Amino acid sequence: MDFKVIGYMSSGYDQMVALRTKILRKPLGLTFLEDDLDRDKNDILLAAYFPESEQMIGCCILTPLSAITVQLRQMAVDDFYQGKGLGSELLQFAEKVAGERGFEYLYLHARKVAVDFYKKHGYTIESDQFTEVGIPHFEMIKRLI
């Protein structure tokens, strides 16, 4: 897979919004509001593409929280590629980018169904279960350095 940092409001960003809508929002009956997308403008936008193509098949966002902590959010992998290792590769790319930019910790809100995936990659649960967008989540974190 080809992994890239993409720009806000680029053609890649349009694909990212479409993929996030398809995988993360539509199944919950949600859509993106302008305020939701405006939040992305100062973030690090990451995308996975099928090799030698412009077809985005995975994405995630890194949102700086402090000088040493960045939050992973909106991780989405196209249905066809789920369960084939792309999510792990995308997570490793996000960790690499975060480390290269000087962040020491990667923090996230994991959907309950994804907790084992993140545990497998060295993340630990840091909170009690809570509800976000109508479904159960946990705060998780990993030290990158």
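Contact annotation: residue pairs with Cβ atoms under 7 Å, 6 or more positions apart or on different chains, pairing a residue in the range 97-117 that is touching a residue at least 12 places away in the same chain (Cβ under 8 Å) and among the aromatic types (Phe, Trp, Tyr) with a partner that is surrounded by 14 or more Cβ atoms within 10 Å (Cβ to Cβ) and assigned to a loop (DSSP other than H, G, I, E, B), are 103/144; 105/144. Selection of the range 21-47 for residues being in contact with a helix residue (DSSP H, G or I) (Cβ under 7 Å, 6 or more places away or on another chain), modelled with pLDDT under 95 and outside any helix (DSSP H, G or I) yields 31, 32.
Exactly one residue out of 18, 67 is more than 23 Å from residue 140 (Cα to Cα), free of Cβ contacts under 8 Å to residues at least 40 places away in the same chain and either part of a helix (DSSP H, G or I) or of a type outside the set (Phe, Trp, Tyr) (or both): that is 18.
Kindly indicate the residue of the range 72-89 that is in a helix (DSSP H, G or I) and touching a residue at least 24 places away in the same chain (Cβ under 8 Å) and also farthest from residue 2 (Cα to Cα) among those meeting that condition.
That would be 79.
For residue 13, work out the one condition from (1) open to solvent by 70 Å² or more (accessible area, probe 1.4 Å); (2) touching a Gly at 6+ places or on another chain (Cβ under 8 Å); (3) of a type in the set (Phe, Trp, Tyr) it doesn't fulfil. Only one criterion in (1) open to solvent by 70 Å² or more (accessible area, probe 1.4 Å); (2) touching a Gly at 6+ places or on another chain (Cβ under 8 Å); (3) of a type in the set (Phe, Trp, Tyr) is unmet by residue 13, namely (1). Could you tell me whether the range 90-97 includes any residue that is surrounded by 14 or more Cβ atoms within 10 Å (Cβ to Cβ), modelled with pLDDT of 95 or more, part of a loop (DSSP other than H, G, I, E, B) and not basic (Lys, Arg)? Looking through the range 90-97, none of the residues is surrounded by 14 or more Cβ atoms within 10 Å (Cβ to Cβ), modelled with pLDDT of 95 or more, part of a loop (DSSP other than H, G, I, E, B) and not basic (Lys, Arg). Between 118, 81, the distinction of being at pLDDT below 95, over 25 Å from residue 41 (Cα atoms) and out of contact with any helix residue (DSSP H, G or I) (no Cβ under 7 Å at 6 or more places or on another chain) belongs to 81 only.
The residues of the range 46-62 that are in contact with an Asp or Glu (Cβ under 6 Å, 6 or more places away or on another chain) and open to solvent by 30 Å² or more (accessible area, probe 1.4 Å) amount to a single one, 51.
Of the residues making up the range 2-15, not a single one is in contact (Cβ under 8 Å) with a residue 12 or more places away in the chain, farther than 17 Å from residue 101 by Cβ and in contact with a helix residue (DSSP H, G or I) (Cβ under 7 Å, 6 or more places away or on another chain). Within the range 16-45, the only residue that satisfies the criterion of being acidic (Asp, Glu), over 20 Å from residue 87 (Cα atoms) and open to solvent by less than 40 Å² (accessible area, probe 1.4 Å) is 40. Among the residues of the range 113-129, the one identified as exposed (fewer than 12 other Cβ atoms within 10 Å of the Cβ) and either under 17 Å from residue 61 (Cβ atoms) or basic (Lys, Arg) (or both) is 120.
The values are calculated or read from the model by the stated rules, or taken from the named source; none is laboratory data. If you're wondering where the values come from, they're calculated on a predicted model, not measured in any experiment. Positions of Cβ are backbone-derived with ideal geometry, glycine not excepted, and every protein chain shown enters the neighbour counts. Side chains are part of the model used for accessible areas, which takes the heavy atoms of the whole protein and leaves out ligands, DNA and RNA. Shrake-Rupley method; radii C 1.70, N 1.55, O 1.52, S 1.80 Å.
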